[in-house]
Amino acid sequence: HVTLAAPTVIVLAYGNNESFSGQAGLRAFVNDYNRLLDALQRHTKRIVLMSPVPVEQVDPPLPDLSHVNKLRKLYTDAVQRLAERRGLCFIDVFHPMLERMAEGDRLTDNGVHLNERGYRALAEVIERAWFGAVRRPPGLTPQLEDRLRELVRRKNEFFFHQYRPQNETYLRGFRKHEQGRNARELPQFAPLIERTEQQIFTLLAASDKLRDERNTAPSSTPSSPSGKRP
């Protein structure tokens, strides 16, 4: 899959599930991560490691999850050390998201899964870590933003069905002799992905055009009674 994608940058975000193994599973986690990185660095040297995301404390009857963050902090530190040893970029989303959660706005549905506000906060944390600031395009109106989000979701869905199709055992696995002929449909997702990407680029271009039009629009400052601007 990595060879097919031919990536120039790879972003890895492991540690959420693995952290439940605690201190006892930390060495195996780091060893496995190193093996994965050895394999991926044959494709590109530009690899970014991202920390686990914290869980959010929620009210009963949902359980107390504070112990989970202690484990995720442990694995966040391990990922950071791994990135430093290998000279890779590291994005810490654990601590900034923990701070955002402490501000009071609910960022998850159940303490674990991010809601729309949570994903927006996470995106801002990543953007600030990567670029030093959150840079919202001036021409990106709420309507364009909703449309952009829908296109990105659609593209991701197309890619998901190509990358992890249902009944993969019959398409590429040990039972492909039965229905493997259907695997020819998987490459047919590629033009759908490319078409949706082009729609995303076109929408972003429209956002840039709107920004430029706003910047070059004539001033609407009212004239004085004499016809001269104040």
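Just a few scattered comments:
- Residue count for the range 4-48, restricted to those that are touching a Phe, Trp or Tyr at 6+ places or on another chain (Cβ under 8 Å) and of a type in the set (Ser, Thr, Tyr): 4
- Which listed residue, of Thr202, Thr196, is more than 21 Å from Glu116 (Cα to Cα), at pLDDT 85 or above and exposed (fewer than 12 other Cβ atoms within 10 Å of the Cβ): Thr202
- Tally of residues being of a type outside the set (A, V, I, L, M, F, W, C) and more than 16 Å from the chain's Cα centre (by Cα) across the range 112-134: 1
- In summary, helices (runs of 4 or more DSSP H) completely within the range 137-193 and bearing 3 or more residues that are without any contact (Cβ under 8 Å) to a residue 12 or more places away in the chain and under 17 Å from the mean Cα position of the chain (by Cα) occur at 142-163.
- In the range 59-107, the residues that are among the polar types (S, T, N, Q) and within 22 Å of Leu12 (Cα to Cα): Asn69, Thr76, Gln80
- Qualifying residue in the range 171-188 (condition: surrounded by 15 or more Cβ atoms within 10 Å (Cβ to Cβ) and of a type in the set (Lys, Arg)): yes
- Filtering Pro191, Pro222, Pro165 for residues that are modelled with pLDDT under 80, more than 21 Å from Tyr119 (Cα to Cα) and not hydroxyl-bearing (Ser, Thr, Tyr) leaves a single hit, Pro222.
- Options Gly180, Gly139, Gly132; residue that is at pLDDT below 90 and on the phi > 0 side of the Ramachandran plot: Gly132
- Test: Arg86 is in contact with a Leu (Cβ under 9 Å, 6 or more places away or on another chain) and over 19 Å from Ile126 (Cβ atoms): yes
- Val30 in contact (Cβ under 8 Å) with a residue 60 or more places away in the chain and more than 24 Å from Gln162 (Cβ to Cβ): no
- Within the range 115-136, the set of residues being exposed (fewer than 15 other Cβ atoms within 10 Å of the Cβ), part of a loop (DSSP other than H, G, I, E, B) and not aliphatic (A, V, I, L, M) comprises Gly132, Arg135, Arg136.
The values are calculated or read from the model by the stated rules, or taken from the named source; none is laboratory data. Remember, predicted model here, so these are calculated numbers, not experimental data. Here Cβ is always computed from backbone atoms with ideal geometry, including for glycine, and neighbour counts include all displayed protein chains.
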